[in-house]
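A.B. asks: One structure, pasted below without further comment.
The values are calculated or read from the model by the stated rules, or taken from the named source; none is laboratory data. Just so it is clear, the structure is predicted and the values come from calculations on it, not from any experiment. Quick reminder, even Gly has a Cβ in these numbers, built from the backbone with ideal geometry, and neighbours come from all protein chains shown.
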Amino acid sequence: MADEDLSKLKIDKTQPAFRKSGKRKGTYLIAGIVLAILVILALAGVFSPAVRVDVVSVQQFYPAQSFTLLNASGYVVPQRKAAVASKITARLQELFVEEGSRVKKDQVLARLENADLAATLRQAEANLNVTRSAVDQASAELHDARVNFEREKHLLAKEFTTRSVYDAAEARYKKALAAFSGAKSQVRASEAAVREAKVSVEYTYIRSPFNGVVLTKNADIGDIVTPIGAASTAKAAVVTLADLSTLKVEADVSESNLGKLKLGEPCQIQLDAIPDERFDGTVHMIVPTADRTKATVMVKVSFTRLDPRILPEMSAKVAFLSREVSESEKISRLAVNRKAVVEKNGRKYIFVVRQGRAVLTEVTTRDTFGDMIEIKSGAASGDKVVLNPLSRLSNGSRVKINE
């Protein structure tokens, strides 16, 4: 039975053998796909090492930066500033200003309690009226005494009266004259008392010493204001004022660079609060003393034109220039370092770094300012650009930025 079964097993040679051929074709297909992927990756630079490069940024550039002698930082400081206080100790009853209020010279800023001083003033004025009435009374008495004395003098010359009567009239006249003089002196004393009382009342009105702006409010209604401020709850100042027309930048300049500066030298001022604008200025003063701890000298820079946006204590950067800035040079330009621009076939290009690759980008350039060249089109502010691109750097090359 076993032999009979084995004899029935036969290979049908009439059927084509596809299995082996199909296997080979599958292998070739996979190998072709892998090869294509490897070629694509190789062309993409996956297997090539990243090129190490230095980069610079495309940025807004002011032409004045190309003839800047040195830079310094500082703050905007009003040259006229006052902490306005009272000359007497009293409770603050009224406050007429707040932060930011613009005030005129001698304008009333606040009022202290002054009921007692006002009563003293009224009493002094009443005393003045009394002394003036006494002057009128003394004047009338003097007139009567003078007339009587002249009459007795005339009668004595004709021997129509006695010497004793004449002497009595003369004494009365002199007494009336002294009383009149004393009454006038009393009036002057009363007038002085009135003036003193008025000054005391005036001390309760806190006035602005100059035209300015209220920077801070240091006391509120109900606070005790005192010129000494000895008590913990007492306020030495009511408000702090500044004259904004006297704003200047106070910058610290290294002693070693002091020889580059002179009075009237042109400057450009940049405020951190207004970064997109430059303000013209000049060197106003070089303070004749140095800070030994920082080895710097303070330089005061005045604004050519004050802007209402400029406020005290703003941080500022000052560029000291070798010459005046023309109108066209006051406008910012989009620029990049000249060493980042390459020229090919009469066209100019830069390599912009995007996602770890150098992208060859055509640009249009214009004016040159020192190491910077103006870009009219093809790049945007903030773009990272390869500096001194190597000859082996091509479009799409992988790059690694040097730290």
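A.B. asks: Among the residues of region 192-211, write down those that are surrounded by fewer than 16 Cβ atoms within 10 Å (Cβ to Cβ) and over 21 Å from LYS105 (Cβ atoms).
C.D. replies: ALA192, ARG195, GLU196 - these are the residues of region 192-211 that are surrounded by fewer than 16 Cβ atoms within 10 Å (Cβ to Cβ) and over 21 Å from LYS105 (Cβ atoms).
A.B. asks: Check LEU117, LEU128 and return the single one that is closer than 30 Å to PHE96 by Cα, part of a helix (DSSP H, G or I) and modelled with pLDDT of 90 or more. Full working, then the answer.
C.D. replies: Working: LEU128 fails: closer than 30 Å to PHE96 by Cα.
Of LEU117, LEU128, the one residue that is closer than 30 Å to PHE96 by Cα, part of a helix (DSSP H, G or I) and modelled with pLDDT of 90 or more is LEU117.
A.B. asks: Same structure again: So, of the residues in region 116-166 that are touching a residue at least 60 places away in the same chain (Cβ under 8 Å) and β-branched (Val, Ile, Thr), which turns out to be surrounded by the most Cβ atoms within 10 Å (Cβ to Cβ)?
C.D. replies: Of everything passing the filter in region 116-166, THR120 is surrounded by the most Cβ atoms within 10 Å (Cβ to Cβ).
A.B. asks: Hey, among VAL238, VAL214, VAL299, which residue is surrounded by 12 or more Cβ atoms within 10 Å (Cβ to Cβ), more than 18 Å from ALA85 (Cβ to Cβ) and either in the same structural domain as LYS104 (by TED's automatic domain parsing) or touching a residue at least 40 places away in the same chain (Cβ under 8 Å) (or both)?
C.D. replies: On the way: VAL238 fails: more than 18 Å from ALA85 (Cβ to Cβ); VAL214 fails: more than 18 Å from ALA85 (Cβ to Cβ).
Only one candidate qualifies: VAL299.
A.B. asks: Can I ask one more? Could you go through region 150-161 and let me know if any residue there is in a loop (DSSP other than H, G, I, E, B), over 30 Å from ALA219 (Cα atoms) and touching a helix residue (DSSP H, G or I) at 6+ places or on another chain (Cβ under 8 Å). Let's see the steps before the verdict.
C.D. replies: Within region 150-161, the subset in a loop (DSSP other than H, G, I, E, B) is 158-161.
Next, only the ones that are over 30 Å from ALA219 (Cα atoms) stay: 158-161.
Narrowing the set further to residues that are touching a helix residue (DSSP H, G or I) at 6+ places or on another chain (Cβ under 8 Å) leaves 161.
Yes: region 150-161 contains one or more residues that are in a loop (DSSP other than H, G, I, E, B), over 30 Å from ALA219 (Cα atoms) and touching a helix residue (DSSP H, G or I) at 6+ places or on another chain (Cβ under 8 Å).
A.B. asks: Looking only at region 283-339, count how many residues are in a loop (DSSP other than H, G, I, E, B) and under 19 Å from ALA242 (Cβ atoms). Steps first, please.
C.D. replies: Narrowing region 283-339 to residues in a loop (DSSP other than H, G, I, E, B): 292-295, 304-314, 322-327, 331-332.
This time we only want the ones that are under 19 Å from ALA242 (Cβ atoms), so: 305-314.
Qualifying residue count, region 283-339: 10.
A.B. asks: Go over the candidates SER66, SER101 one by one and state the one that is at pLDDT below 85 and not aromatic (Phe, Trp, Tyr).
C.D. replies: Working: SER101 fails: at pLDDT below 85.
So the residue among SER66, SER101 that is at pLDDT below 85 and not aromatic (Phe, Trp, Tyr) is SER66.
A.B. asks: Still on this model: Please determine, by comparing only the residues of region 344-380 that are among the aromatic types (Phe, Trp, Tyr) and more than 39 Å from the chain's Cα centre (by Cα), which one is surrounded by the fewest Cβ atoms within 10 Å (Cβ to Cβ). Break it down into steps so the answer makes sense when it comes.
C.D. replies: Of all residues in region 344-380, those among the aromatic types (Phe, Trp, Tyr) come to 349, 351, 369.
Checking the rest, the ones that are also more than 39 Å from the chain's Cα centre (by Cα) come to 349, 351.
Values: TYR349: 18, PHE351: 27.
In this case the residue turns out to be TYR349.
For (1) closer than 30 Å to SER322 by Cβ; (2) touching a helix residue (DSSP H, G or I) at 6+ places or on another chain (Cβ under 8 Å), each residue gets a yes or a no:
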| site | (1), (2) |
| --- | --- |
| PHE351 | no, yes |
| GLY356 | no, no |
| GLU362 | no, no |
| PHE369 | yes, yes |
| SER391 | no, no |
| SER394 | no, no |
| SER397 | no, no |
| GLU403 | no, no |
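A.B. asks: Check whether at least one residue in region 105-112 is closer than 30 Å to SER315 by Cα, outside any helix (DSSP H, G or I) and either in the same structural domain as ILE310 (by TED's automatic domain parsing) or touching a Phe, Trp or Tyr at 6+ places or on another chain (Cβ under 9 Å) (or both), and report yes or no.
C.D. replies: Our first condition is that a residue be closer than 30 Å to SER315 by Cα; within region 105-112, this holds for 105, 109.
Still in the running and outside any helix (DSSP H, G or I): 105, 109.
Within this subset, residues satisfying the condition of being either in the same structural domain as ILE310 (by TED's automatic domain parsing) or touching a Phe, Trp or Tyr at 6+ places or on another chain (Cβ under 9 Å) (or both) are 105, 109.
Yes: region 105-112 contains one or more residues that are closer than 30 Å to SER315 by Cα, outside any helix (DSSP H, G or I) and either in the same structural domain as ILE310 (by TED's automatic domain parsing) or touching a Phe, Trp or Tyr at 6+ places or on another chain (Cβ under 9 Å) (or both).
A.B. asks: Still on this structure, please answer the following. Which members of region 188-211 meet the condition of being of a type in the set (Val, Ile, Thr) and without any contact (Cβ under 8 Å) to a residue 60 or more places away in the chain?
C.D. replies: Step one: filter region 188-211 for residues of a type in the set (Val, Ile, Thr), giving 194, 199, 201, 204, 206.
Within region 188-211, just VAL199 meets the criteria.
A.B. asks: Output the number of residues of region 372-396 satisfying the condition of being outside any strand (DSSP E or B), within 16 Å of ASP54 (Cα to Cα) and in contact (Cβ under 8 Å) with a residue 24 or more places away in the chain. First the steps, then the outcome.
C.D. replies: First, pick out the residues of region 372-396 that are outside any strand (DSSP E or B): 378-383, 388-396.
Okay, now just the ones that are also within 16 Å of ASP54 (Cα to Cα), so 382-383, 388-394.
Narrowing further to those that are in contact (Cβ under 8 Å) with a residue 24 or more places away in the chain: 382-383, 388-390, 392-394.
Qualifying residue count for the region: 8.
A.B. asks: Further, regarding this structure: Which members of region 224-276 meet the condition of being modelled with pLDDT of 90 or more and in a loop (DSSP other than H, G, I, E, B)?
C.D. replies: Once the filter is applied, which keeps residues that are modelled with pLDDT of 90 or more and in a loop (DSSP other than H, G, I, E, B), region 224-276 yields VAL238, ASP243, LEU261, LYS262, LEU263, GLY264, GLU265, ASP272, ALA273.
A.B. asks: Considering only region 382-403, how many residues are of a type outside the set (Val, Ile, Thr), within 43 Å of the chain's Cα centre (by Cα) and more than 16 Å from VAL341 (Cβ to Cβ)? It would help to see each step written out before you state the result.
C.D. replies: The initial filter retains those residues of region 382-403 that are of a type outside the set (Val, Ile, Thr), namely 382-384, 387-398, 400, 402-403.
Keeping just the survivors that are within 43 Å of the chain's Cα centre (by Cα) gives 382-384, 387-389, 400, 402-403.
Imposing the further condition that a residue be more than 16 Å from VAL341 (Cβ to Cβ) reduces the set to 382, 400, 402-403.
Number satisfying all stated conditions: 4.
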